[in-house]
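Here the structure is laid out as structure tokens; the discussion comes afterwards.
The values are calculated or read from the model by the stated rules, or taken from the named source; none is laboratory data. Just so we're clear, the structure is a prediction, and the values are computed from it rather than from any experiment. Heads up, the Cβs are rebuilt from the backbone with ideal geometry, glycines too, and the neighbour counts pull from every protein chain shown.
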Amino acid sequence: MAFESLTDKLQNVFKNLRKKGRLTEADVKAALKEVKMALLEADVSFKVVKQFMKAVQERAIGQDVMSGLNPGQMVIKIVNEELVRLMGSETTEIALKPGNEVTVLMMVGLQGAGKTTTTAKLAGKLKSKGRKPLLAACDVYRPAAIKQLQVNGEKQGVEVFAMGDKNSPVDIAKAAYEHAKNEKYNVLILDTAGRLHIDESMMEELIRIREAVEVYQTLLVVDAMTGQDAVNVAGTFNDKVGIDGVILTKLDGDTRGGAALSIRSVTGKPILYIGMGEKLSDLEQFYPDRMASRILGMGDIQSLIEKAAAEVDEEQAKELSQKLRKAEFDYNDFLSQMQQIKKMGGMGSILSMMPGMGSQLAGVDMDEGERSLRRVESIILSMTKEERANPGLMNPSRKQRIAKGAGVDVSEVNRLVKQFDQMKKMMKQMPGLMGGGKRKGFGGLGSLMGGKLKLPF
């Protein structure tokens, strides 16, 4: 999970600060020393850490903090504000030309960073915002690169312009630009070739493409999991080609987060989007304030609300809410809940955005939790329509057939039926627990994750 180790370390530091009443200068310095070590262990650039700590210390060792009613909280507030400042303070949008003018975006990066997939996802994002994007397959070197872009483009419902691998990337880019103008596309996204490492020929090719089609924005895609290497790559691309912004991929698998905290400071260029998974919805706009909140273990409720609004069917949620209150829901409704969770990026993604969940997730195998949910889904899909609609039909012979169909032991079917019945009883006793107000019904699934996790909703 993104920033997991950094968040844990920072939370321990701040927990100790909160325990103290009045803070001495020595207390603050000791705490900040631990913050510094946590950032260095998170693979944040030494230069960036040095500048960050200087800014925090200057503000934290002041009269206002020392004499305040809640000095520990004030130190945390300062760290939060400086983290936001470090990552860019304000959210930066991709610059686009007005109206029907063709905006050319050139995607660059090394092989393995997820550039082609991210390119298609970005096209999908722009399409959802009312733009008409065209993808251009300019990677003629990597086997199956063109096919990969076509497959991903089809998933997003975006056309891909390709001329095979016998033409030069410069000629393809020029032809794609003419096609975009003639067919009234207003965004052209060039998927350029990556390399295993930075070399002069790659840089020269990118410069020739940029000159040939008047690239409006050059966007660098880097793998967050490579830590300082990602920062170094960003710096080199910026020096040699010039970049306008960065998209960080695979942040969901980066427990340290050093790249996210260093790139803006090192390159002076903003992080535009972050990749948090495989789905289109997992390419998220980068908000420095929300990211700082996640890092400090304060959650990101705003992003969770926006994700729910985008992915959860409102009418379906209302209907389910009413059923939950009356304890009338069935296995179809249960299945619907799980599918909505999957749309939002899975249980891990949801929980990571909730305040204070970091400590509760310690020692919980989220992968096992997700596998458990998939097994539950298989069990429900192995039921007949009648069984899903009428949970009371369950008997030993039906359970045996369902277990066989789902490829699980009958004990798992028994466990699901038991937990489902318990949920219904609980809902009868506590109306509104899961279906009230703004809570769009994900409750009850925590017990299916091995009983280790008690969900707060």
- Query: Restricting the search to segment 388-409, which residues are more than 18 Å from Met338 (Cα to Cα), in contact with a helix residue (DSSP H, G or I) (Cβ under 9 Å, 6 or more places away or on another chain) and in a helix (DSSP H, G or I)?
  - Reply: Leu393, Pro396, Arg398, Lys399, Gln400, Ile402, Ala403, Lys404, Gly405
- Task: Evaluate the following for Leu188: is it assigned by TED's automatic domain parsing to the domain that holds Leu135, exposed (fewer than 15 other Cβ atoms within 10 Å of the Cβ) and outside any helix (DSSP H, G or I)?
- Result: no
- Message: Being basic (Lys, Arg), within 16 Å of the chain's Cα centre (by Cα) and at pLDDT 85 or above: is that true of Lys240 here?
- Response: no
- Index of the failed condition, Ala120 passing every other in (1) farther than 23 Å from Arg294 by Cα; (2) surrounded by 19 or more Cβ atoms within 10 Å (Cβ to Cβ); (3) aliphatic (A, V, I, L, M); (4) modelled with pLDDT under 85: (4)
- Task: Quickly run through segment 207-220 and pick out the residues that are surrounded by fewer than 18 Cβ atoms within 10 Å (Cβ to Cβ) and part of a helix (DSSP H, G or I).
- Result: Ile207, Arg208, Glu211, Ala212
- Is segment 131-152 home to any residue that is β-branched (Val, Ile, Thr), part of a strand (DSSP E or B) and either more than 29 Å from Gly235 (Cβ to Cβ) or out of contact with any His (no Cβ under 6 Å at 6 or more places or on another chain) (or both)? no
- Message: For the structure I just gave you, tell me whether Val48 is under 30 Å from the mean Cα position of the chain (by Cα) and outside any helix (DSSP H, G or I).
- Response: no
- Message: Which residue is nearest to Tyr141 (Cα to Cα), if the candidates are limited to segment 166-185 and must be within 33 Å of the chain's Cα centre (by Cα) and assigned to a loop (DSSP other than H, G, I, E, B)?
- Response: Tyr185
- Task: For segment 97-107, indicate whether the set of residues that are at pLDDT 95 or above, crowded, with 21+ Cβ neighbours inside 10 Å and within 21 Å of Thr226 (Cβ to Cβ) is non-empty.
- Result: yes
- Item | Pair list, Cβ < 7 Å and 6+ apart or interchain, from segment 99-116 residues that are part of a strand (DSSP E or B) to residues that are surrounded by 23 or more Cβ atoms within 10 Å (Cβ to Cβ) and of a type in the set (Ser, Thr, Tyr) | Met106/Thr192; Met106/Thr218; Met107/Thr119; Met107/Thr192; Val108/Thr192; Val108/Thr218
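A quick yes/no check of all residues on (1) modelled with pLDDT of 75 or more; (2) closer than 30 Å to Leu296 by Cβ; (3) touching a Leu at 6+ places or on another chain (Cβ under 6 Å):
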| site | (1), (2), (3) |
| --- | --- |
| Met353 | no, yes, yes |
| Asp367 | no, yes, no |
| Val408 | yes, no, no |
| Asn414 | yes, no, no |
- Message: Condition first: basic (Lys, Arg) and outside any helix (DSSP H, G or I). Now tell me which residues in segment 1-38 satisfy that.
- Response: Lys20, Arg22
- Message: Given the condition touching a Leu at 6+ places or on another chain (Cβ under 8 Å), part of a loop (DSSP other than H, G, I, E, B) and not aliphatic (A, V, I, L, M), answer yes or no: does some residue in segment 221-235 qualify?
- Response: no
- Lone qualifier among Ser5, Ser45 - being touching a Ser or Thr at 6+ places or on another chain (Cβ under 7 Å), on the phi < 0 side of the Ramachandran plot and buried (at least 17 other Cβ atoms within 10 Å of the Cβ): Ser45
- Out of segment 196-230, which residues are under 23 Å from Arg256 (Cα atoms), hydrophobic (A, V, I, L, M, F, W, C) and at pLDDT 90 or above? Leu220, Val221, Val222
- Scan Gly242, Gly194 and give me the residue that is of a type outside the set (A, V, I, L, M), in the same structural domain as Glu278 (by TED's automatic domain parsing) and either part of a helix (DSSP H, G or I) or surrounded by 20 or more Cβ atoms within 10 Å (Cβ to Cβ) (or both). Gly194
